[in-house]
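Contents: one structure, followed by commentary.
The values are calculated or read from the model by the stated rules, or taken from the named source; none is laboratory data. These figures come from a predicted structure and were not determined experimentally. Ideal geometry is used to build each Cβ from the backbone, glycine not excepted, and the neighbour counts take in all protein chains shown. Remember, those area values only see protein heavy atoms, side chains included, never the ligands or the DNA or RNA. Shrake-Rupley method; radii C 1.70, N 1.55, O 1.52, S 1.80 Å.
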Amino acid sequence: MTPSILPAPAGRPIAVLSWGLGVDSTAILLRWILDPTSREFDLDDLVVLVAQTGDEWPITGELAEQYVFPLLRRHKIRLVQLARTARTKEAAGGCNYTVLDDTRSPTRCYIEGLYKLSDEMFHSGTVPQTGGKRLCSVHAKGELLDWWVGAYTQGRPYTHAVGFELGELSRRDQDLRKSKLPGRQALYPLIDWGWWREDAYDYLLRHLGVAYEKSACQMCPYALTSAKGRGRTIPRYLAAPHLAMLPLLMEHTAVALNERQGLIGGKRLADELRRHPDAGPLLALFAEHLDAQQWAVYDVRRAFVQGKDGRAASARSLEVVELGSQKDVRAHLDLIAEKHGRSVERDGIHRRLRLLNRQPTLPTAERSLVLSPATAEPKVAPAFPKMWETGLAGAAISQEELVL
Ligand code: SF4
């Protein structure tokens, strides 16, 4: 059922803040509360919107509840928390977004969300990707915010504040380019005030008395790609090893299904931790965590052809061959390898039986049987069967030769 969203009151200005719960947008909110000259609307007309991905660090919710919610309650500022209920509208049987909370006296930050970004990643056997359009953020945040704002503003003019700081001018430009909602006037208060992230951080420290932490999903690849980001994130994992289990399991599954994956721009978080002198207990916990999973032998096939635009196009088929404990599926893979007279490749703790290698020219195809925690849903891309036939022809191999 689609939750009903009442339109904004007639005759009043509309101001919306996308609150990411982190340093930047929290500083905007705090300055708007403490310094009325920093805004051009009444706090009564402000709606603070949070899209819960479900994967934020616990400290993010704790900081919000402890330091910001009391101010929202005192100033009766409206806070709306949103979440996805399913990956798609089809899976939800209608609208796949919902309102978790809509109040001027918030007490609870619902950082657990509902259908989490990590659910989506585990089901598709991948990790959030860096580069391109930040699709994880678009699906887990942007689309929900647009849904709520569109229903609330009904096309009326409104200001939409986003917490990009001076170091994020390219993200500001991208936001301006892709801004499509009618009536939206984008506002970037930190940039307008000439603030860098350090200024936002200092402001929070000065007025709240707390060293505020940057918000992000626990498996955010953007928090891991730079040395500075790793310097912030890896100590968080080491301090609370149970919080590293989600990113490590997600990465392990993604790498099993596609060895080019990894949470550090294609490189692996697990390898980074293996090089860390203090990560022994964390890695031991991860080995136990892996062993406690249900495992699968997956049959991963990919076909590569030349698309109509002349560029390479690919399609994947993912099927489950066997389910069981880690020990059982290892034994099963060894049996298949023996039958085919091939050996199982080992890549760290990964196991892969290559049955068909991709060729450098198109069309081509590849096929491997891999061991992985059984989180990924079997899926055959609609275009796959035809592309597979073409790929096999290019690889000069018949279906019969690949029977398991
Ligand atoms: S915090 Fe990182 S992983 Fe989470 S939605 Fe944003 S970019 Fe994606």
Relative contact order of the chain (C-alpha contacts under 8 Å, at least 6 apart) in percent is 14 percent
Expected unfolding gain across Ala227-Val321 under the 0.36 nm per residue rule, minus the alpha-carbon gap, is 29.9 nm
The helix 245-257 Cα axis meets the longest alpha-carbon principal axis of the chain at an angle in degrees, between 0 and 90 and rounded to 10, of 40 degrees
Taking a crude spin-label model, label points 7 Å out from Cα along the C-beta direction, the Ala381 to Arg206 distance in nm is 5.2 nm
With label points set 7 Å from each Cα along the Cα-to-Cβ direction at Glu143 and Asp192, the distance between them in nm comes to 3.1 nm
Per the rule of 0.36 nm per residue minus the C-alpha distance, extending Val403 to Gln66 adds in nm 115.4 nm
With the 8 Å Cα cutoff and a minimum separation of six or more residues, region 221-291 has a relative contact order in percent of 31 percent
Note to self: C-alpha centroids of region 50-110 and region 247-267 sit apart, in Å, by 29 Å
Using alpha-carbon positions, the gyration tensor of region 15-208 gives root eigenvalues a ≥ b ≥ c; with a/c under 1.5 called rounded, otherwise prolate if a/b exceeds b/c, else oblate, the class is rounded
Sorted by chain and then number, the residues having a modelled amide H within less than 5 Å of the amide H of Leu356, at least 5 places away or on another chain, are Arg367
Listed residues Ser314, Ser215, Ser118; largest mean-square fluctuation, Gaussian network over the chain with Cα springs below 10 Å, found at Ser314
So the angle from the long Cα axis of helix 169-178 to the longest Cα principal axis of the chain, reported in degrees to the nearest 10, equals 80 degrees
Over the chain, with neighbouring protein chains present, the accessible area per residue in Å² at probe 1.4 Å is 48 Å²
In debye to the nearest 20, the charge dipole size for the chain, taken about the Cα centre with +1 at each Lys and Arg Cβ and -1 at each Asp and Glu Cβ, equals 680 debye
For region 1-160, averaging the sequence separation of alpha carbon pairs under 8 Å that lie six or more residues apart and dividing by its residue count, the contact order in percent is 30 percent
Using alpha-carbon positions, the gyration tensor of the chain gives root eigenvalues a ≥ b ≥ c; with a/c under 1.5 called rounded, otherwise prolate if a/b exceeds b/c, else oblate, the class is prolate
Pseudo-spin-label distance Gln154 to Ser105, built 7 Å along Cα→Cβ, given in nm, is 2.9 nm
Taking a label point 7 Å from the Cα of His75 along Cα-to-Cβ, the residues of region 187-224 whose backbone nitrogen sits under 14 Å from it are 204, 207-208
Residues whose modelled amide H sits under 5 Å from the amide H of Ala186, counting only those 5 or more places away in sequence or on another chain, are His160
Taking Cα atoms only, helix 227-239 is inclined relative to the longest principal axis of the chain by an angle, in degrees rounded to 10, of 80 degrees
Counting only DSSP beta bridges with both partners in the chain, the antiparallel fraction in percent, to the nearest 5, comes to 70 percent
In the chain the accessible area split gives carbon plus sulfur, as whole percent at 1.4 Å, a share of 52 percent
Full extension between Arg330 and Ser38 adds, at 0.36 nm per residue less the Cα distance, a length in nm of 98.9 nm
